[in-house]
Structure formats: C-alpha cells, structure tokens
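Reading through the structure tokens given below for one structure.
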Amino acid sequence: MRGPAGASGGVRGPHSVRARAGHHLAPAALSSGGNVFERLAGGFTLLALTGDRRHAGQERPAAGFLAAASALRVPLRVITDTFDGQRAGYGRRFILIRPDQYVAWTGDDPPADPAALLRRAAGAG
C-alpha cells in the first residue's frame, strides 16, 4: 500500500529479524504452523528455542525463569520450539519478550540470575 504522493514514512534504519533487546520482535512461524504473535501472553513471554536438544544438561531450561516469575508475581508464558526455520533468524535460543512485544533480553543460555533479569525487565529493580 502506498501513501499520498510526496509523503514519507517515519521509520528509519535497517529492518532485521534478529531478536535484539529494545527492538520489536519480528514475526516468525512456529513449528506448529502458527505465528509467534498468536502465542504471546498479556504479560512477559519467554521464547525458548531449545526443543531440538537438551540445553546445558537441563530437562527444562526455562525452569529458572518460571520459578523467578512465580516468586516475583510476574506473569510469564513460556513458548518452547526448535531453533530452525524462521525462528533461527532470531539468532538466539532464549528471548524474553515484554508485554508490548518488545524484546527485553536475549541469550543462548539461561542467565545466571533469572530473578534479577525479570526484576529489571519488569521495572522493579
């Protein structure tokens, strides 16, 4: 769709699918066939792209996030999927997404202190 002749858009800079803190999450298809945006929660969402392997010897690599969210009373949904297809374009296996669909944090391994990360992301510390 085009705007009126002579008009310009307000968006500047390059677009990237790569998940980066402070940037809006790009859409990507899940292995289930839906889009990641169809699964985002009203609170925080952790996208854990570890479904294709055991991560760091842990059965549930998102367990630390879930325990921290429960203790802090921060709403958190975990979406687990594989790190392939469009999701590999995110460039990281763990992506913490804020309620406004902006990326709060990314990493290839869970953080040493998920509670501190969630407190900072939620504006509580």
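Spin-label pair Arg60-Asp100: with each label point 7 Å from Cα along the Cα-Cβ axis, the two points sit 3.1 nm from one another.
Computed about its Cα centre, the charge dipole of segment 36-121 is approximately 220 debye, with only Lys, Arg, Asp and Glu carrying charge at their Cβ.
Order 17-24, 96-103 from most to least packed using the mean count of other Cβ atoms within 10 Å.
Details: 17-24: 14.6, 96-103: 17.4.
Going by the mean number of other Cβ atoms within 10 Å, highest first, we get 96-103, 17-24.
A short reminder: the numbers here are calculations on the coordinates, not readings from a lab. Only a predicted model underlies this, so the values are computations on that prediction, with no experimental measurement involved. Neighbour counts run over all protein chains shown; Cβ positions are idealised from the backbone, glycine included.
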